[in-house]
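These notes are about the structure you will find just below.
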Amino acid sequence: MFVPTLRHITLAKVAVAVYTDREIRNFEKELQKTLHLLPGQSWERMIKEKLPAYIPPLLLQNEIVAFMRTISFEVQQWMDDHHGILFTDDENFIRFCWNSNGTIDRLGTADFLIKSEHLSFEKRFSLACQYWPGTCILAFWRAMPRCAQTCILQKYADECSIDTIHKANVKLWIMWLKEGCSCHNVNCNYKCILQSFHWTKVTIHSRLLRHLFRTHREILVTGIIKYCRSTIFVRSCLLKMDASV
C-alpha cells in the first residue's frame, strides 16, 4: 500500500490550495478546459506567482506544477463520473474534500454535498443512493420535506426516466423505502439491494461496499480491475483491497 512521504503530503497540500484558488478555477472556466489539457506556458507562470514565499527553489515549484496537472485530472474525472447527478451549473457549490496524498476523498466529498443546502433534494438524494447504506438513506428520506419526496417519487415512477445507472440505483432504494422498511426492520431486503445494486466508478466508494462478504467484495473489485481502463478507478479498487474495507 502506498504511504506518502512528508514531502509528498506537503507538496500536495500546497498544490490543492493553489488549484482551488478562485482565479485558477475561473481561468479553467474561461478556456473551458482543465489545466492538464492546456499547454504549460499558458498557466505555469500564474501558478508559480501564487505559491507561498516559503517555496522558493525552482525544483519544488516545478514539482507543485506537476501536481497541479494530476489534481486537475482528478477533478475532471470526478466531474465525468458524476455526470447525470450533478451538472455544470452545480460546479460553484462543489467543495472537494482531499486526502493527504492529493487525491479526492470521494466519500467525504459526497457526505458534504448530500448535506449541502445549495443542491436540490433530488440531487442530494441521488448522491445518497450511490454512497450511503440503507439506514442513512432512510434517515435522510424521513428528514426531507414531503413535497420533495413527492417530486422524487413521481419522477421515478416513470420507467422511461430511468436512463442512467445512477438513476437505476435510486430506483432500487425507492423500492426498498416503499416496501415498508422501518426502525424494526431497516435491513429488510438488503440482500436484494446488494444483488441488484450497480457498482460503478462512483459507487465503488460507497459505504454499502462494507456490507458485502469479503470474498464477494474481492471478486467484485478484482473483476473491475480486470476490465476497467481508468487509472483513478483501478487505484481506488487496489486501495480498498489493501485496506480490506
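The values are calculated or read from the model by the stated rules, or taken from the named source; none is laboratory data. Being a predicted model, the structure only gives us computed values, none of them experimental. Quick reminder, even Gly has a Cβ in these numbers, built from the backbone with ideal geometry, and neighbours come from all protein chains shown.
Structure values in brief
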read-out	value
Single condition S236 does not satisfy, out of (1) at pLDDT 80 or above; (2) buried (at least 16 other Cβ atoms within 10 Å of the Cβ); (3) of a type in the set (S, T, Y)	(1)
Some residue of segment 189-200 being surrounded by fewer than 18 Cβ atoms within 10 Å (Cβ to Cβ), at pLDDT 95 or above and not in a helix (DSSP H, G or I)	no
Residues satisfying the stated conditions in segment 8-22, i.e. of a type in the set (D, E, K, R) and either surrounded by 15 or more Cβ atoms within 10 Å (Cβ to Cβ) or touching a residue at least 24 places away in the same chain (Cβ under 8 Å) (or both)	K13, D21
Residue that is modelled with the highest pLDDT [pool: residues in segment 201-223 that are among the hydrophobic types (A, V, I, L, M, F, W, C) and closer than 20 Å to R106 by Cα]	V202
Single unsatisfied condition, F112 versus (1) closer than 27 Å to K178 by Cβ; (2) part of a helix (DSSP H, G or I)	(1)
When residues of segment 28-60 are limited to those that are of a type in the set (A, V, I, L, M, F, W, C) and in a helix (DSSP H, G or I), the one nearest to S72 (Cα to Cα)	L35
Yes/no for G108 being small (G, A, S) and under 27 Å from I137 (Cβ atoms)	yes
Any chance D89 is closer than 30 Å to S161 by Cβ, at pLDDT below 95, of a type in the set (D, E, K, R) and part of a helix (DSSP H, G or I)	yes
Filter pass, A148 being under 24 Å from the mean Cα position of the chain (by Cα), more than 17 Å from L209 (Cα to Cα) and not aromatic (F, W, Y)	yes
Condition check for R25: in a helix (DSSP H, G or I), over 21 Å from F96 (Cα atoms), at pLDDT below 90 and not polar (S, T, N, Q)	no
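Conditions (1) surrounded by 13 or more Cβ atoms within 10 Å (Cβ to Cβ); (2) free of Cβ contacts under 8 Å to residues at least 24 places away in the same chain; (3) among the acidic types (D, E), marked per residue:
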| site | (1), (2), (3) |
| --- | --- |
| P39 | no, yes, no |
| S42 | no, yes, no |
| M46 | yes, yes, no |
| E63 | yes, no, yes |
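Residue-by-condition table, conditions (1) among the β-branched types (V, I, T); (2) in a helix (DSSP H, G or I); (3) within 30 Å of E74 (Cβ to Cβ):
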{"site": "F125", "(1), (2), (3)": "no, yes, yes"}
{"site": "C129", "(1), (2), (3)": "no, yes, yes"}
{"site": "L138", "(1), (2), (3)": "no, yes, no"}
{"site": "W141", "(1), (2), (3)": "no, yes, no"}
{"site": "Q149", "(1), (2), (3)": "no, yes, no"}
{"site": "I152", "(1), (2), (3)": "yes, yes, no"}
{"site": "V170", "(1), (2), (3)": "yes, yes, yes"}
